[in-house]
Amino acid sequence: MPLRFFNTYSREIEQFEPRNPTARPVRMYTCGPTVYSRAHIGNFRAYIFEDLLQRHLELRGYKVHRVMNITDVEDKTIRGAREASVPLQKFTEQFKEAFFEDAHTLRIKRADEYPAATDQRYIDRMIEMISALISKGLAYQADDKSVYFRINKFPDYGKLAHFDLTQLKSTGRVKHDEYDKEHIGDFALWKAWDEADGDVKWDSPWGPGRPGWHIECSAMSMALLGDEIDIHCGGVDNIFPHHEAEIAQSEGVTGKKFVRYWLHCAHLLVDGQKMAKSLGNFYAVPDVMAKGYTGRELRYALLRVHYRVPLNFTWEGMNEARESLARVDEWLARLREIAKSGNLQHPTANPTTAFEDALDDDLNISAALGFLFESIRETNRAMDQNEMDAASASAWLDWWKRINTVLDLEAETDVAIPHEVAQLAEEREKARREKNWKRSDELRERISALGWEVRDTKDGPKLTRGIGPA
């Protein structure tokens, strides 16, 4: 079936048709981290959705050129550097490194480029764009020396967010007093330098200053992907004003349609509440790892809910993720044993394309995973009844290899079981054979305290990574 995505601009499911798939790859821009602090798991929910999108496009034969920006200059990064009494670059570098570490932990594919807003070539591009907007009457320099975009001169402003411009209110990103602007909704393209900015400034035709947040993404996207791109992603909080502003300033410069498909990811909640440090429910990736979970378990927990549905993160959900992946691991181990056996007596049905078809339908990961686990149930039943032959097992393993290029959830094969854990597992199995259940339970608890779990299966006990002591 053809790929279909929900386009935020039209508010409709649309068939995916890139501008020119034969001449160039799908051009995809994703809003990356603002590096004033470590990215939290809500940020990574969006980055994993974008990773899923890219991987599925590639599974379906598309080449993807993806750019993810790094916002390293804006009010929060400047304030953080000032409070830490360090240069801006030194302050943001630690969070850039942390972002890449966490992305690697969660198995997120690297983008082709990660442009930084402070790179001089992009600053130059921003200044060129702002100059063009001023020359067209779409921007102006106010009394405060900052340059603003005239939203009243761009008739389509508000169409992405389906927003009534009469309801506009100031946002947290606006730094200067509203009386400096012609309209409350006019957004900053260039922010004039003031003392709070310290040494963070660039020369421009309008005096020293720095770019506004919105123009950074337009300049970097157009510099690396061209005037028109196929897909632009982000969280729903980016729709307005950020993405709305990107459309206005980009199309204001080029007169061309900036983006064909806008895809946005819903919020992540924690125990049904908005994540906030004041509530004690604010988690970065290392916080989850510190509780004994693995990167692939967190990846699964953030991946398993459809991207347009709010995801409620809970520790119970993390345990469910662990259990689900343990089922996958056990299933794969059984298939591999049968595939090596050479038994060709009981062929079973080969896999279908239902997994891929579900993802074709606006990345319906819930339906895709539902098919995966239904397939695991059916094939486990066939293996229990000795009705799975080697050829069928190999076919299922080949299918898994294919869909795992999208999921990337397979266990690492080089995780060594510590000698002490293996010895305790042997003692526990001996106690079970002797029906010494009290001793067996005690040994299970000791294994768990060391960060491992023992599962009793049809084929004997299996050791998997578990949660260590708190």
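The values are calculated or read from the model by the stated rules, or taken from the named source; none is laboratory data. Just so it is clear, the model here is predicted, and its values are computed rather than measured. All Cβ positions, glycine included, derive from the backbone under ideal geometry; neighbour counts span all protein chains shown. The accessibility values were calculated without ligands, DNA or RNA, using every heavy atom of the protein model including side chains. Shrake-Rupley method; radii C 1.70, N 1.55, O 1.52, S 1.80 Å.
Grab the eigenvalues of the alpha-carbon gyration tensor for region 352-394, scale each by 5, take roots, and send me the semi-axes largest first in whole angstrom. Each step should come with its number before you reach the end.
Details: eigenvalues 128, 23, 5 Å².
The answer is 25, 11, 5 Å, longest axis first.
Between residue 385 and residue 436, what is the label-point separation in nm under the 7 Å Cα-to-beta-carbon projection?
4.1
Largest first and in whole Å, what are the equivalent-ellipsoid semi-axes of region 269-390 based on the Cα gyration tensor, each being the root of 5 times an eigenvalue?
35, 18, 10
Would you please give the FRET efficiency between residue 152 and residue 394, computed as 1/(1 + (r/R0)^6) with r the Cβ-Cβ distance and R0 = 56 Å, to the nearest 0.05?
Rounded to the nearest 0.05, the efficiency is 0.30.
At 4 °C and 1.567 mPa s, grab the translational diffusion coefficient of region 246-340 from Stokes-Einstein with a Kirkwood Rh over Cα pairs, rounded to a whole number in µm² per second.
78
If every alpha-carbon in the chain counts as one equal scatterer, what log10 I(q)/I(0) does Debye give at q = 0.12, 0.13 1/Å?
Normalising to I(0) and taking log10 leaves -1.09, -1.22.
To the nearest 10 degrees, how steep is helix 390-407 against the longest Cα principal axis of the chain, on a 0 to 90 scale?
Taking the Cα atoms of the chain, the angle to 390-407 is about 20 degrees.
Kindly list the residues of region 227-259 that lie in the label zone of residue 128, defined by a backbone N under 13 Å from the point 7 Å along the Cα-to-C-beta vector.
Those under the cut-off are 227, 254.
How far is it, in nm, from the label point at residue 136 to the one at residue 59 when both lie 7 Å from their Cα along the line to the Cβ?
Simple spin-label model gives 3.9 nm for this pair.
What do you get for the angle between helix 75-84 and the principal long axis of the chain? Use alpha-carbon atoms, 0 to 90 degrees, nearest ten.
80
Could you give the Stokes-Einstein D for region 1-130 in µm² per second, using the C-alpha Kirkwood radius, 37 °C, 0.692 mPa s?
Details: Rh = 16.7 Å.
D, rounded to a whole number, is 197 µm²/s.
Let me cross-check residue 289: its accessible surface, 1.4 Å probe, with only protein heavy atoms counted, in Å² to the nearest 10?
50
Starting from the 7 Å offset along Cα-to-Cβ, what nm value, one decimal, do you get for the label separation of residue 19 and residue 333?
5.1
How high is the FRET efficiency between residue 410 and residue 76 when r is their beta carbon distance and R₀ equals 51 Å, given to the nearest 0.05?
The value I calculate is 0.85.
Just tell me which aspartates and glutamates come within less than 13 Å, Cα to Cα, of residue 153; anything on the same chain fewer than 8 places away is out.
182, 186, 251
How high is the FRET efficiency between residue 121 and residue 323 when r is their beta carbon distance and R₀ equals 41 Å, given to the nearest 0.05?
0.25
Under a cut-off of 21 Å between alpha-carbon atoms, report the lysines in cross-link reach of residue 430, not counting same-chain residues fewer than 8 places apart.
Hits, sequence-local ones excluded: 438, 458, 462.
Once the piece of chain linking residue 449 and residue 312 is laid out straight, how much longer is it, given 0.36 nm per residue of separation minus the C-alpha distance between them?
46.5 nm
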